[in-house]
Amino acid sequence: MNMNSMQMNVIPTKSDWKTSSQTLQANEKIPIAISIKDKDNKPIEKFDVVHDKLMHLIIVSKDLTYFDHLHPDYKGNGEFDITTTFPVGGDYQLIAEVTPHGAGDNSVEKHWIHIEGSEPKSQPLIVDKSLTKEVDGLKATLSFDHLMADRNLNMTFTLSDSKTNEPVKDLQPYLGAMGHCVAISEDLNEYLHIHPMTTNDNGPKVTFMTFFPKKGVYKIWGQFQYENRLIVIPFVVNVPEMKM
Ligand SMILES: [Cu+2]
């Protein structure tokens, strides 16, 4: 169960991150090894499969322009490996999510790395005026039942085909769900990985229950599989303080 509002069964974890060399270059293959340990520095051996995977790894650039969602391989003894490339120089936050067996809730481990290479000017995060966006043939409108911090809320993506304008009814499951969603606060301190409420429908509405712990600007990435394409649709929203 991934309930961001109630992470009461989290087993405390620590992590070690190793990369191939000291200087990491943009556009070069970089092997990354992530070791997950318990609070006494002993490797955690057993993890639960959550949404088809033992580990979900999110990579974002510091300005949240770049987003990737990867699944490192489990090598045993608490170690996960992945090889990836970074498109440009700069600082990146790596966020690993695992569920140690018996925990019931996921643990989140974060790590910053610096990538050498030409660094584009950091893009300011601009709150979207319109919550309708089109990416790769899929049009999404984002809506909330009530958008405010410190409260459980429902966030719904309503999907239509950009060519036909027809509501999407044949969304494909991706990693055991009709969609995945990640939200990160502007300061990169808050990270939410949100899975949709259980549904038998393949669109056009995919609803996620979530909880923004603090007010402020968040970038949200919805991931959906449609016509055999994995499509990432980003939005930037301002989450106001809770109104009593
Ligand atoms: Cu994942």
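The values are calculated or read from the model by the stated rules, or taken from the named source; none is laboratory data. Since we're looking at a predicted model, the values are computed, not measured. Ideal geometry is used to build each Cβ from the backbone, glycine not excepted, and the neighbour counts take in all protein chains shown. Accessible surface areas use protein heavy atoms only, side chains included; no ligands, DNA or RNA. Shrake-Rupley method; radii C 1.70, N 1.55, O 1.52, S 1.80 Å.
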> Can you list the aspartates and glutamates whose alpha carbon sits under 12 Å from that of Lys133, skipping same-chain ones fewer than 8 residues off?
Replying inline: Asp161
> From the cross-link list Lys139/Lys215; Lys14/Lys121; Lys37/Lys75; Lys14/Lys75, which pairs have alpha carbons spaced over 21 Å apart?
Replying inline: Lys139/Lys215; Lys14/Lys121
> Considering the zone a paramagnetic label at Lys169 would reach in this model (a point 7 Å from Cα along the Cα-to-Cβ line), which residues of the stretch 203-244 have amide N under 17 Å from it?
Replying inline: 203-206, 227
> How much accessible surface area, in Å² rounded to 10, belongs to the heavy atoms of Thr23 with a 1.4 Å probe?
Replying inline: 80 Å²
> Which distance in nm do the two modelled labels at Val127 and Lys243 give, with both placed 7 Å along the Cα-to-Cβ direction?
Replying inline: 1.4 nm
>> Not counting ligands, DNA or RNA, and with a 1.4 Å probe, what is Asp91's accessible surface area in Å² rounded to the nearest 10?
In response: 60 Å²
>> Once neighbouring chains are kept in place and the probe is 1.4 Å, which whole percent of the accessible area of the stretch 132-239 is contributed by carbon and sulfur?
In response: 45 percent
>> Which of Leu192, Leu230, Leu64 ends up with the largest GNM mean-square fluctuation for the chain, with Cα atoms connected below 10 Å?
In response: Leu230
> So what's the gap between the Cα centers of the stretch 10-75 and the stretch 178-207, to the nearest angstrom?
Replying inline: 20 Å
> On average, how much accessible surface per residue is there in the chain, in Å², for a 1.4 Å probe, leaving out ligands, DNA and RNA?
Replying inline: 50 Å²
> Separation between the Arg229 and Asp145 pseudo-spin-labels, each 7 Å from Cα along Cα→Cβ, expressed in nm?
Replying inline: 3.2 nm
> What's the extension gain from Phe67 to Lys110 if we count 0.36 nm per residue and subtract their Cα-Cα distance?
Replying inline: 14.0 nm
>> Springs between alpha-carbon pairs under 10 angstrom, Gaussian network model over the chain: which of Gln25, Gln123, Gln172 fluctuates most?
In response: Gln123
